[in-house]
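Trainee: Have a look at this one before I ask anything.
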């Protein structure tokens with residue numbers, strides 16, 4: 001694919017500097033190349049988006065810093081000399097990066113299957129660990145996946161590169177427009193999406209228009225999914241069980257019985273968060289599936305090991321999954337960005353507020369007070385996407401699809417959308 005060819009050129013040009021930068025970040029010289037491969041493997045899946053929308057060097061450095069942070073560090077005073085003396089060998093091939101990504105995914109699944117870490121449950125006057133095995137879990141069924149009619153597609157460049165959006169029965173992917181009726185919510189999975197529709201169908205749609213019917217759920221319940229693991233999760237209306245499926249392959253990762261009126265809140269890595277009559281639960285599928293209580297409270301979202309809860313009616317609480325820091329922020333409802341760096345919410349007056357999850361600081365949203373936001377979605381690398389009714393649209397009252405980069409804040413109106421009364425949807 002073209003994105004792999006572009007990445008191969010990038011790797012050939014940047015490889016020596018990336019390995020040396022890993023050493024400067026505190027990675028031992030014997031592990032520096034391995035860390036650089038980790039970073040590039042994490043970038044490969046979305047390289048087309050990265051190379052078109054962002055500064056590739058900045059994105060790769062961010063992934064390199066993340067990979068380096070997971071290794072033992074060397075003394076600061078020795079790093080510069082070690083980087084100068086480092087002998088850098090040949091760069092990895094695309095096949096090497098592909099294999100590393102597969103190995104990482106397999107290791108993550110094995111870890112989730114073998115390690116069930118009890119989470120701290122905070123209660124008035126006491127704190128206790130709860131860890132209960134999922135006696136209600138079932139073996140994944142092996143039924144063949146059901147397909148539905150292929151959607152009509154046309155080739156067209158997306159006016160908002162990197163933004164997957166839906167309006168007036170048209171789903172806009174990177175370079176195709178796909179005809180889909182009744183879509184109500186969606187999450188990116190690779191170059192396609194997993195979506196829920198007005199009939200309660202849970203569907204995986206590929207970029208070529210091929211659709212796989214994964215199951216059925218309550219039409220009012222958004223389908224939870226994660227591009228990180230390619231998992232989708234929902235409570236099936238037929239069986240009443242919670243189902244977790246690898247959307248891009250059709251493999252059922254796990255199922256478990258849940259109490260009546262259960263709903264899935266989020267999929268984050270190998271964790272599936274849901275609420276039922278017993279409160280907030282977390283389900284970890286695998287060869288040794290685990291089902292255990294989570295913290296009490298109204299969870300809104302979980303992504304990249306960050307969580308967002310509704311505190312009181314006017315406050316959200318945002319923190320890492322292990323609650324080392326909790327930020328109490330003004331807002332009602334919340335969406336976390338895929339990399340967990342941003343949380344977007346609405347203030348009581350309806351305006352959208354954006355916060356940095358690490359510091360809790362409010363960021364400039366790029367919106368004017370006259371902008372009426374119909375839909376919003378925080379993106380990777382400190383970006384925001386909006387569908388806005390703007391006073392500038394008078395007298396046509398068209399909607400505007402805007403993309404914004406934060407720090408510093410710069411916004412662009414990518415396209416106008418006829419305001420026909422339907423609700424536009426931005427992919428998570």
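The values are calculated or read from the model by the stated rules, or taken from the named source; none is laboratory data. Worth saying up front: this structure is predicted, and the values here are computed from it rather than measured. All Cβ positions, glycine included, derive from the backbone under ideal geometry; neighbour counts span all protein chains shown.
Trainee: Which one of these is closer than 23 Å to residue 189 by Cβ and either within 19 Å of the chain's Cα centre (by Cα) or not assigned by TED's automatic domain parsing to the domain that holds residue 209 (or both): 267, 252?
Mentor: 267
Trainee: Right, next: Is one or more of the residues making up the range 284-294 at pLDDT 90 or above, closer than 16 Å to residue 229 by Cβ and outside any loop (DSSP other than H, G, I, E, B)?
Mentor: The answer is yes; a qualifying residue exists.
Trainee: So is residue 292 touching a residue at least 24 places away in the same chain (Cβ under 8 Å) and assigned by TED's automatic domain parsing to the domain that holds residue 357 or not? Spell out the reasoning first.
Mentor: Numbers: touching a residue at least 24 places away in the same chain (Cβ under 8 Å): yes; assigned by TED's automatic domain parsing to the domain that holds residue 357: no.
Taking the combined requirement at face value, the residue does not satisfy it.
Trainee: Are any residues in the range 143-169 buried (at least 17 other Cβ atoms within 10 Å of the Cβ) and closer than 17 Å to residue 416 by Cα, and if so, which ones?
Mentor: 158, 160, 162, 163, 164, 165, 166, 167
Trainee: Can you name the residue in the range 314-325 that is over 20 Å from the mean Cα position of the chain (by Cα) and at pLDDT 90 or above and, of all such residues, is surrounded by the most Cβ atoms within 10 Å (Cβ to Cβ)?
Mentor: Step by step, filter the range 314-325, then rank; the result is 315.
Trainee: Sticking with this structure for a sec: Only residues that are in a loop (DSSP other than H, G, I, E, B) and modelled with pLDDT of 85 or more: list them for the range 389-422, please. Let's see the steps before the verdict.
Mentor: Here is the first cut: in the range 389-422, the residues in a loop (DSSP other than H, G, I, E, B) are 390, 394-398, 406-409, 418-422.
406, 408, 409, listed by residue number.
Trainee: Residue 308 - would you say it is assigned by TED's automatic domain parsing to the domain that holds residue 380 and outside any loop (DSSP other than H, G, I, E, B)?
Mentor: yes
Trainee: I've got another one for you. Looking only at the range 193-202, decide whether some residue is without any contact (Cβ under 8 Å) to a residue 60 or more places away in the chain and within 22 Å of residue 49 (Cβ to Cβ).
Mentor: Yes, that holds for at least one residue.
Trainee: Can you find even one residue in the range 259-274 that is in a strand (DSSP E or B), touching a helix residue (DSSP H, G or I) at 6+ places or on another chain (Cβ under 7 Å) and within 24 Å of residue 217 (Cα to Cα)? First the steps, then the outcome.
Mentor: Kept after step one, since they are in a strand (DSSP E or B), are these residues of the range 259-274: 263-268, 271-274.
Cutting the leftovers down to touching a helix residue (DSSP H, G or I) at 6+ places or on another chain (Cβ under 7 Å) gives us none.
Scanning the range 259-274, I find no residue that is in a strand (DSSP E or B), touching a helix residue (DSSP H, G or I) at 6+ places or on another chain (Cβ under 7 Å) and within 24 Å of residue 217 (Cα to Cα), so the answer is no.
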